[in-house]
1. Sort out for me the strands (runs of 3 or more DSSP E) sitting completely within region 38-146 that have 3 or more residues that are among the charged types (D, E, K, R) and touching a helix residue (DSSP H, G or I) at 6+ places or on another chain (Cβ under 7 Å).
2. Within region 138-166, work out how many residues are of a type in the set (A, V, I, L, M), within 16 Å of residue 94 (Cβ to Cβ) and either free of Cβ contacts under 8 Å to residues at least 24 places away in the same chain or more than 9 Å from ligand 1 (Cβ to nearest atom) (or both).
3. Looking at 158, 123, 138, 191, which one is closer than 24 Å to residue 23 by Cβ and over 14 Å from the mean Cα position of the chain (by Cα)?
4. Restricting to region 200-211, name every residue that is at pLDDT below 95 and more than 10 Å from ligand 1 (Cβ to nearest atom).
5. Within region 199-225, work out how many residues are exposed (fewer than 13 other Cβ atoms within 10 Å of the Cβ) and either free of Cβ contacts under 8 Å to residues at least 24 places away in the same chain or within 19 Å of residue 261 (Cβ to Cβ) (or both).
6. Would you be able to say whether some residue in region 387-404 is under 16 Å from residue 4 (Cα atoms) and of a type in the set (Asp, Glu)?
7. Identify all residues within region 9-33 that are within 24 Å of residue 143 (Cα to Cα), free of Cβ contacts under 8 Å to residues at least 60 places away in the same chain and either in a strand (DSSP E or B) or not acidic (Asp, Glu) (or both); write none if there are none.
8. Do we have residue 326 as away from ligand 1 (no atom under 16 Å from the Cβ) and crowded, with 24+ Cβ neighbours inside 10 Å here?
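The values are calculated or read from the model by the stated rules, or taken from the named source; none is laboratory data. Bear in mind that the values here come from a model prediction, so they are computed numbers and not experimental data. All Cβ positions, even for glycine, are placed from backbone atoms using ideal geometry, and neighbour counts span all protein chains on display.
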Amino acid sequence: MRLTKYFLPTLKENPAEAQIVSHRFMLRAGMIRQQAAGIYAWLPLGHRVLRKIEQIVREEQDAAGAQELLMPTIQPAEIWRESGRYDDYGKEMLRIRDRHEREMLYGPTNEEMITLILRNEIKSYRDLPKQLYHIQWKFRDEVRPRFGVMRGREFLMKDNYSFDLTPEAARHSYRQMFLAYLRTFARMGMKAIPMRADTGPIGGDLSHEFIILADTGESQVFCHKDWLETDVLSQEVGYDDDLAPFFDKYTSLYAATEEMHDPATCPVPATDLVTRRGIEIGHIFYFGTKYSKPLNATVTGPDGETVTLEMGSYGIGVSRLPAAIIEASHDENGIVWPDPVAPFKVGLINLKAGDGDCDRACETLYARLRAKGVDVLYDDRDQRPGVKFADMDLIGLPWQLMVGPRGLKAGMVELKRRATGERVELLPEDAVARLSA
Ligand SMILES: Nc1ncnc2c1ncn2[C@@H]1O[C@H](COP(=O)(O)OP(=O)(O)O)[C@@H](O)[C@H]1O
Ligand SMILES: [Mg+2]
């Protein structure tokens, strides 16, 4: 993509409304623009990050055996009456009337709808287990939407729902998602710690929140210091293995949210306990028959008996993640995207647009990189180098490839790693080889 063509409205000044660094940088880097309180448009750069994140989430859900579907954002009120949640949900629910005065709502979550879809279609224990997920916009009329997309009113969530015959099978589904979440966040370059959590209005008896440690986090969290060193991607365990040993191992290391933490009973000595702020990026629940019972979702068991489905639900805050990642990965000049979620891999900077040699060298590099499938943002603007460096640092692409008249005289270009600031001079063809490796 050429920057002269790209819609990238960056801002030099810090917007007054942004209280935390991720919100500031998302506005300044032209990723999002607010349309109403807690409701955002995703501009092209932000949208690319959102899509990358979504894709990692999707791949790991699929690997775990979950199947993607798509349910609507608008739901009829009656299914929430059936489950008994319509009145309980209160003012967070955006209630809508259609032209026939039918009561509708903008879905804050989908337990009712998915349970009814399953109820009407599956009849036998042979149809189980099932895990179904979608990545869809939700609306919750938060009292205090704030911090940009971190706590929005409209936000994108991946929500998965598991259906099993027995509590033990349902626990296996829960553990599969526990593993999928650890992997999903690690693949994004994030350390997310699963913490024992309160089940809240979703209900049930087993729940973990996946938390990124960051000073601007909304809640206080507590964990054993060994969590900071734990590497989850190295775990050699498959989704269809017996996951109990793996799950027991990871849950034996203490980690709890404020609601669940009690200093009086905490097993970790004070010297080993880390107390930090945290951002919730995912939340998983096992709640048994809480919805299947009122909604009458049953199957016929192996002996002909009627069995009420055992369920769990599993959310990831897809549109919160770009902000959470920025909170965990930035410096004073801007965002530092982890490679897997970066909107482009490399920013190609023409230090003297209009200069024949620079233009030619950049065009060649741009074409070669693209031919190798590398996502390049080419800064071909007629601007001072200082402006280009500042914008590139702000938007945080992992690599910057700089082409200037002085280097070119010696046949060289310069490659900078955004995260470390490390720079090397190298031949253009070596730069292409390094970036496409
Ligand atoms: N208002 C919001 N804005 C952005 N993301 C949200 C919001 N509410 C929830 N999320 C994300 O969706 C995930 C699942 O939501 P859930 O646990 O049901 O919500 P909550 O924690 O607000 O009760 C959360 O872990 C969080 O990452
Ligand atoms: Mg939650």
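1. It comes to none.
2. Residues flagged as of a type in the set (A, V, I, L, M), within 16 Å of residue 94 (Cβ to Cβ) and either free of Cβ contacts under 8 Å to residues at least 24 places away in the same chain or more than 9 Å from ligand 1 (Cβ to nearest atom) (or both) within region 138-166 amount to 1.
3. Details: 158 fails: over 14 Å from the mean Cα position of the chain (by Cα); 123 fails: closer than 24 Å to residue 23 by Cβ; 191 fails: over 14 Å from the mean Cα position of the chain (by Cα).
After ruling out the rest, the residue left standing is 138.
4. 203, 204, 205, 206
5. Initial filter on region 199-225 (exposed (fewer than 13 other Cβ atoms within 10 Å of the Cβ)): 200-201, 205, 215.
Pick out the ones that are also either free of Cβ contacts under 8 Å to residues at least 24 places away in the same chain or within 19 Å of residue 261 (Cβ to Cβ) (or both) and you get 200, 205, 215.
Count: 3.
6. Among the residues of region 387-404, at least one is under 16 Å from residue 4 (Cα atoms) and of a type in the set (Asp, Glu), which makes the answer yes.
7. Selection gives 15, 16, 24, 33.
8. Considered against the rule, which asks whether it is away from ligand 1 (no atom under 16 Å from the Cβ) and crowded, with 24+ Cβ neighbours inside 10 Å, residue 326 comes out as no.
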